[in-house]
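Readers should treat all values here as calculations from the given coordinates under stated rules, not as data from a laboratory. Small disclaimer: the values here were computed from a predicted structure and weren't measured. Virtual Cβ from ideal backbone geometry, glycine too; neighbours counted across all protein chains shown.
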Amino acid sequence: MNLLTKVSLSAICSATALFVGVTSHINTAQAALYKFSFEGEGVNGYFTYDSNAVGTPVSSNSTAYYGGGYDYKFDLGEFGVFEGSVGNPIVFLPRREDGIRAPETDDFEWEVRAVQRQPASQYTFVAYFHYPKGSFGGSTAIRTTVPTTAVLDVYPNVDFPNSIGNLLYSGTVQTRIEKVPEPTLLPALLGVGAWFLLRRQRQRYLLGTQM
């Protein structure tokens, strides 16, 4: 094996190690990010959240993941657009035996407290995605899968614990959850970096042979 080949292999190994190290870090950091999306007649939107967020039991049938939500957008057409960069995913299983008079469903909620809203508001924004009872297997763990169809109820003026406010929108929507992919730009940048490294090593070799 000649010197140039050894140098090239060394450079490739260095670049590969850098690539694996950096992308492994990114995978670890982003592996928990999920995006919940919905679409219905005249409405659509999404919210993103960390599936590793620590849950806080609100009751025996509800767990809130405060601070676990990130950017979101609810485009409700003629009813308005609600968006921001922080929110709280909540899993709620209303049951009559627990004294809850609401219909028995499995709910994945998106809550934005008054101080979290952009701009800040005196009211909390809450969106309920209602799924058939039993859809979550009796678990209030944060969701990474959901059925494809839900009933969406949006309450933009909630004043807990005094009033849930007005029901702004209610309708059937299609839903899905997908894992947020890692950035595709970094591998390209590392590829360019590896090329420059190889070129530099080759230039050093050629200069050495000419001396």
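Local charge for Ile177 was computed over the other residues whose Cβ lies under 10 Å away, with Lys and Arg +1 and Asp and Glu -1, and equals +3.
Extension gain for Val115-Glu97 works out to 3.2 nm (0.36 nm per residue, less the C-alpha to C-alpha distance). Taking each residue as 0.36 nm, the span from Glu39 to Val54 lengthens on full extension beyond its C-alpha to C-alpha distance by 2.6 nm.
Centre-to-centre separation between the Cα atoms of the stretch 64-88 and those of the stretch 90-113: 19 Å.
Taking Lys and Arg as +1 and Asp and Glu as -1, the other residues whose beta-carbon sits under 9 Å from that of Gly69 total -3. Computed extension gain for Val86 through Thr145, at 0.36 nm per residue and net of the alpha carbon distance, reaches 19.1 nm.
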